[in-house]
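Q: My questions all concern the structure below.
The values are calculated or read from the model by the stated rules, or taken from the named source; none is laboratory data. As the structure is a computational prediction, the values presented were derived from the model and not from experiment. Positions of Cβ are generated from backbone atoms using ideal geometry, with glycine treated the same way; all protein chains shown enter the neighbour counts. Heavy atoms of the whole protein, side chains included, go into the accessibility calculation; ligands, DNA and RNA do not. Shrake-Rupley method; radii C 1.70, N 1.55, O 1.52, S 1.80 Å.
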Amino acid sequence: MIPLNAFILRNVKTLEMTGVLMRIFSFSIVSWLGPESPFMFVWIFNTTDAIILSWCALLKKDKAYSVLNVFWIFVGLVGILRAGGFI
């Protein structure tokens, strides 16, 4: 097994909780600040949590959460490109 995958599996509960708290935090910022939100930060932060949660779900072979969080990675990438003015 890849050492990083072994690390993730050993710490999966902590990493999942970290990812969930990151997602709550990023959506809370947008809810609280509205149009004044630092959208690039929020999208990068949200995409990072989606990567963490996707990796955990894929290693656990949880198909539903794998699909959900991989979807959020793509949404995040579009958000980053839009916030950066690239599209």
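Q: Can we say Phe86 is open to solvent by 90 Å² or more (accessible area, probe 1.4 Å) and either over 21 Å from Ile2 (Cα atoms) or outside any helix (DSSP H, G or I) (or both)?
A: So Phe86 fits the description; yes.
Q: Test each condition in (1) surrounded by fewer than 18 Cβ atoms within 10 Å (Cβ to Cβ); (2) touching a Leu at 6+ places or on another chain (Cβ under 7 Å) for Ser66 and report the one that comes out false.
A: So the condition that Ser66 fails would be (1).
Q: Here's another thing I want to ask about it. In segment 19-44, which residues are of a type outside the set (Lys, Arg) and surrounded by 15 or more Cβ atoms within 10 Å (Cβ to Cβ)?
A: If the condition is that a residue be of a type outside the set (Lys, Arg) and surrounded by 15 or more Cβ atoms within 10 Å (Cβ to Cβ), then Gly19, Met22, Ser26, Ile29, Val30, Ser37, Phe39, Val42, Trp43, Ile44 are the ones that fit.
Q: Leu81 - would you say it is open to solvent by 30 Å² or more (accessible area, probe 1.4 Å) and at pLDDT 95 or above?
A: Spelling it out, Leu81 is indeed open to solvent by 30 Å² or more (accessible area, probe 1.4 Å) and at pLDDT 95 or above.
Q: Can you pull out the residues in segment 45-58 that are open to solvent by 80 Å² or more (accessible area, probe 1.4 Å) and more than 11 Å from the chain's Cα centre (by Cα)?
A: Leu58
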